[in-house]
Amino acid sequence: MTLLMKSEFAKRHGVGASAVSNWARKGLLVFGEDPMRPGKQLVDAEKSDLLVRGSIDQTRGRPRSAEAALVEAGEAPATAPARAATMTGAEAVRMEEARERIIGRRIDNEKALGNLVSLGEVERRTAERGRMIRERVQATVRNLAERLAAETDPRTITSLLSAELDAVFARLADDIESEASAEAQADVALAGLDEEADEEAEAA
């Protein structure tokens with residue numbers, strides 16, 4: 001991971017500081033902790049490159065127009081409504097292919113940034129979380145059964161259940177956060193191994 005100051009990132013893309021500030025406001029920059037200055041952040045060059053290249057007109061530092069995106073994909077832009085009306089079947093196919101290439105490139109960028117996951121993985125994890133929540137809530141109710149049975153004041157019962165359930169959900173949130181952190185560290189380690197393997201392959 002390459003960490004750069006904003007001025008260095010601007011030089012990397014051949015733009016001014018104002019363009020980089022605009023990118024930051026639009027959420028196109030990914031930041032990482034500065035190892036030399038705790039509490040400070042630097043631009044993660046590789047991840048930010050993916051977002052910038054997928055969203056920005058490199059010649060102006062501004063979001064690309066639809067026409068510019070088509071040009072980049074190898075298709076000439078339509079310059080007048082009459083062109084759309086007289087578009088041939090072959091031209092329509094080429095424009096659709098260009099659009100699909102643009103979408104595909106954006107999806108690849110988002111995957112590389114870790115912003116996309118498979119639907120199957122989401123469904124599996126959702127089912128696991130639901131089962132975990134159900135089991136912990138049921139266990140809490142079982143543990144409180146005798147104490148609740150001895151209470152006659154509805155306010156006391158409500159307060160007791162609320163406190164215990166709040167504790168259950170707080171522990172669940174901590175568990176999920178710890179799991180996500182462990183997975184992120186594993187992804188970083190795997191990415192490092194992949195880079196080392198690539199470097200060794202290039203050296204060979």
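Throughout, read-outs are computed from the coordinates displayed, never taken from laboratory work. Just so it is clear, the structure is predicted and the values come from calculations on it, not from any experiment. Note: ideal-geometry Cβ built from the backbone for every residue, glycine included; neighbour counts use all protein chains shown.
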Residue separation between V93 and N115 times 0.36 nm, minus their alpha-carbon distance, gives in nm 4.9 nm
When the charge dipole of the range 96-156 is computed with +1 at the Cβ of Lys and Arg and -1 at the Cβ of Asp and Glu, the Cα pointing farthest to the positive end, of A139, G104, G120, is that of A139
Here the FRET efficiency for D108 versus A17, based on Cβ atoms and R0 = 30 Å and rounded to 0.05, is 0.55
Two pseudo-spin positions, 7 Å from Cα along C-beta at T156 and at R129, lie apart in nanometres by 3.7 nm
Expected unfolding gain across F31-E179 under the 0.36 nm per residue rule, minus the alpha-carbon gap, is 51.1 nm
So R171 and V122, fully extended at 0.36 nm per residue minus their Cα-Cα distance, gain in nm 15.5 nm
For M5 and L148, extending 7 Å from Cα along the Cα-Cβ vector and measuring point to point gives, in nm, a value of 6.0 nm
Using alpha-carbon coordinates alone, the radius of gyration and Dmax of the range 3-57 in Å work out to 10.6, 34
